[in-house]
Ligand code: HCA
Ligand code: CU
């Protein structure tokens, strides 16, 4: 059975500027467990006392997932993993010529001895062991097999085929992983693919085809450099392409947002599955199709992961989408009026960038001659935020950028440091959001101004 290993707390925290608190790590581990991931790589306990503490506390939570500590091939590191109470230690030692010669300055024979010694040591402490030959994809195949077999003989029951610098492409990765699977008879293989050329998930899928039984991911794809496959996209690829229904896909957005919020590492709008635009349709040709049958342009329905499809109205939009938007606002327009409304919308789109709901309503009122008493469906507010004196305003800004309902942020002078423009669906949501903003680390106090009317300057 295919397994997912999430390493947000180890590889993910290796992303620039990402540092989780112990409590945040515990919450992430619990959320991952609810998604149903099979293994959680909770960190390398030798990195710092807090990393150690987090691993120890996560190990004691009795989650369903197997808890793993990462470690270099040192007895001290392995002892710490044992002390942290994990189920398994993942021992890392490089095997490629460049890493052996230029980084750790060891010969191949010395490497074999180190691997043998440390895997048996960990096994002797009663830990399950995964061996990761670092830079495996650049390792000469015969030596890779030799190093892995050494680890297996010494007690490792999993080895990880790591594409440490993201150099692979699917057909080559498939062949290499298959060779490994065949020659390491019986041993389970993990794949850990870096995204330096954007091929991490493609290589990962090829690895599965080749017989790997566990794939490494992080929430939002965080990690060193360009990171590794994203948890949500990997699980959805399993579901859609491999028919795997093992994981709770409704929780993918929740965990992605939480990790965005506490890491300050935010997703681009076009990010697969969890990105703001992942289910938006804009061009008239597309929206026309979508409104008739969503399968025309959707691989799967956003509802299955608890998201909503969005129809964007602007100069690319055709009559069908505008008519459906007007219907949403309770506005009636006949065919001729609809044509004129679309023309006006196109004009605005050509003049400036973003078309707001108020613009569409305004145009519809002018064209139909009927004044609609439309109360804006959304609640807008300006939240003024004061930062604690020892905190950088920019670090709060970074966190605020991850709240989907925060549309604009200003650093300001005066009694407050930040002004955040927020748009939510109702006052309950507003209340919840303000509570969340107040609870953000570094925020001293907030002051909220409700927006009654909003005007956009057209020049
Ligand atoms: C690292 C190396 C690693 C290890 C992968 C693994 C890699 O950053 O410490 O243990 O499976 O990419 O080689 O992440
Ligand atoms: Cu890595």
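Considering only residues that are outside any helix (DSSP H, G or I) and farther than 18 Å from residue 311 by Cα, which ones fall in region 325-366? Within region 325-366, 332, 333, 334, 352 meet the criteria. Within region 333-346, being touching a residue at least 24 places away in the same chain (Cβ under 8 Å) and more than 16 Å from residue 282 (Cβ to Cβ) holds for 333, 337, 340, 341. Checking region 271-278 against the condition returns no match, with no residue being at pLDDT 95 or above and not in a loop (DSSP other than H, G, I, E, B).
Remark: pairs (first residue in region 1-30, over 22 Å from residue 233 (Cα atoms) and in contact (Cβ under 8 Å) with a residue 24 or more places away in the chain; second residue part of a helix (DSSP H, G or I) and within 16 Å of ligand 2 (Cβ to nearest atom); Cβ separation under 7 Å; 6+ apart in sequence or on different chains) = 20/13. Selection of region 210-220 for residues being within 16 Å of ligand 2 (Cβ to nearest atom) and either closer than 14 Å to residue 171 by Cβ or in a loop (DSSP other than H, G, I, E, B) (or both) yields only 212. For region 293-300, the criterion of a residue being in contact with a strand residue (DSSP E or B) (Cβ under 7 Å, 6 or more places away or on another chain), more than 20 Å from residue 233 (Cα to Cα) and surrounded by 13 or more Cβ atoms within 10 Å (Cβ to Cβ) is satisfied by no position. The residues in region 156-167 that are more than 10 Å from ligand 1 (Cβ to nearest atom) and either buried (at least 23 other Cβ atoms within 10 Å of the Cβ) or modelled with pLDDT under 95 (or both) can be counted, and the count is 1. A single member of 223, 207 is surrounded by 20 or more Cβ atoms within 10 Å (Cβ to Cβ), at pLDDT 95 or above, in contact with a helix residue (DSSP H, G or I) (Cβ under 8 Å, 6 or more places away or on another chain) and outside any loop (DSSP other than H, G, I, E, B), and it is 207.
What number of residues within region 226-270 satisfy the criterion of being surrounded by 18 or more Cβ atoms within 10 Å (Cβ to Cβ), within 16 Å of ligand 1 (Cβ to nearest atom) and in a loop (DSSP other than H, G, I, E, B)? Of the residues in region 226-270, 3 are surrounded by 18 or more Cβ atoms within 10 Å (Cβ to Cβ), within 16 Å of ligand 1 (Cβ to nearest atom) and in a loop (DSSP other than H, G, I, E, B). Quick one: would you say residue 137 is within 11 Å of ligand 1 (Cβ to nearest atom) and assigned to a helix (DSSP H, G or I)? Yes; evaluated as a whole, the condition is true for this residue. Scanning region 402-438 for residues that are over 23 Å from the mean Cα position of the chain (by Cα) and in a helix (DSSP H, G or I) yields 427, 428, 429, 430, 431, 432, 434, 435, 438. Is it the case that some residue within region 168-180 is part of a loop (DSSP other than H, G, I, E, B), without any contact (Cβ under 8 Å) to a residue 40 or more places away in the chain and within 14 Å of ligand 1 (Cβ to nearest atom)? Within region 168-180 (the criterion being part of a loop (DSSP other than H, G, I, E, B), without any contact (Cβ under 8 Å) to a residue 40 or more places away in the chain and within 14 Å of ligand 1 (Cβ to nearest atom)), the answer is yes, since at least one residue qualifies.
Of everything listed in (1) part of a loop (DSSP other than H, G, I, E, B); (2) closer than 17 Å to residue 135 by Cα, the single unmet condition for residue 186 is (2). It is to be established whether one or more residues within region 188-196 are modelled with pLDDT of 95 or more and more than 26 Å from residue 272 (Cβ to Cβ). Yes.
Looking for something closer than 30 Å to residue 187 by Cβ and within 16 Å of ligand 2 (Cβ to nearest atom) - is there at least one such residue anywhere in region 16-38? There is no residue in region 16-38 that is closer than 30 Å to residue 187 by Cβ and within 16 Å of ligand 2 (Cβ to nearest atom). Only one entry of 340, 309 meets the criterion of being closer than 29 Å to residue 238 by Cβ, surrounded by 15 or more Cβ atoms within 10 Å (Cβ to Cβ) and in contact with a helix residue (DSSP H, G or I) (Cβ under 6 Å, 6 or more places away or on another chain), and that entry is 309.
The values are calculated or read from the model by the stated rules, or taken from the named source; none is laboratory data. Because the structure is predicted, anything quoted here is derived from the model rather than measured. All Cβ positions, even for glycine, are placed from backbone atoms using ideal geometry, and neighbour counts span all protein chains on display.
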